[in-house]
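First up is the structure itself, then whatever we jot down about it.
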Amino acid sequence: MTYALWIVQGLLAALFLFAGVMKFIMPIEEMTKEVPLPGLFLRFIGLAEVLGGLGLVLPGLLRIRPGLTRLAAAGLVIIMMGATVLSLVTMGVVAALIPFLVGLLLVFVAYGRWRLAPLSGSSQPSAVRTAS
């Protein structure tokens, strides 16, 4: 299960890094032709995608707060829910299947890193522990 999660995490991270960077490279006028959203909001979504993509792999690779991986996946699920609804409204059912399937893969990563194969590392809080 760990290998499957790492493969899915790596592919999703590449997808979100690509999509997020493209939202910064493309001119705002070109992006808003396809999607009826404000340009600055699309840039914000691009930033969230880049940070989420990094959050899918970096905590596990660096072994620093690996619990953040499932939070990054959960945050990206929210973005993909919005993308699914927007695609459904503007482009139809077939186009909405892609963000829906990506969201399902993110749910798999979030649940997998929470229950099935949690990452180990320094995820314990550094605050003073209570005495028993």
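The values are calculated or read from the model by the stated rules, or taken from the named source; none is laboratory data. Just so we're clear, the structure is a prediction, and the values are computed from it rather than from any experiment. Positions of Cβ are generated from backbone atoms using ideal geometry, with glycine treated the same way; all protein chains shown enter the neighbour counts. Ligands, DNA and RNA are stripped out before the accessible areas are found, and what is left, the full protein with its side chains, is counted by its heavy atoms. Shrake-Rupley method; radii C 1.70, N 1.55, O 1.52, S 1.80 Å.
What to note about this one:
- Per-atom-type breakdown for the chain gives carbon and sulfur 74% of the accessible area (1.4 Å probe, protein chains only).
- By the Cα gyration tensor, the range 61-122 has an equivalent ellipsoid whose semi-axes, rounded to whole angstrom, run 29, 10, 7 from largest to smallest.
- Linear extension gain, VAL89 paired with PHE24, 0.36 nm per residue minus alpha-carbon span: 21.0 nm
- Between PRO38, PRO99, PRO118, the GNM of the chain built on Cα springs shorter than 10 angstrom shows PRO38 fluctuating the most.
- Per residue, the accessible area of the range 29-94 comes to 60 Å² when a 1.4 Å probe rolls over the protein heavy atoms.
- The angle between the Cα long axis of helix 68-91 and the main principal axis of the chain comes to about 20°, on a 0 to 90 degree scale.
- Estimated from the Cβ-Cβ distance and a Förster radius of 35 angstrom, the FRET efficiency linking ARG115 and LYS33 is about 0.25.
- Axis of helix 93-111 versus longest Cα principal axis of the chain: the two differ by about 10°, to the nearest ten degrees.
- Here the range 1-53 is described by how far its Cα atoms reach on the three principal axes: 42, 17, 16 Å, from widest to narrowest.
- The angle separating the long axis of helix 39-62 from the principal Cα axis of greatest extent in the chain is about 30 degrees.
- Highest GNM mean-square fluctuation among ALA72, ALA83, ALA110, for the chain modelled with Cα contacts below 10 Å: ALA83.
- Gain on full stretching of the segment that runs from LEU71 to PHE41 - 0.36 nm per residue minus C-alpha separation: 8.6 nm
- Computed on protein heavy atoms with a 1.4 Å probe, the accessible areas place ARG43, ARG115, ARG65 in the order ARG115, ARG65, ARG43, largest first.
- In Å, descending, principal axis extents of the Cα set of the chain: 60, 27, 24
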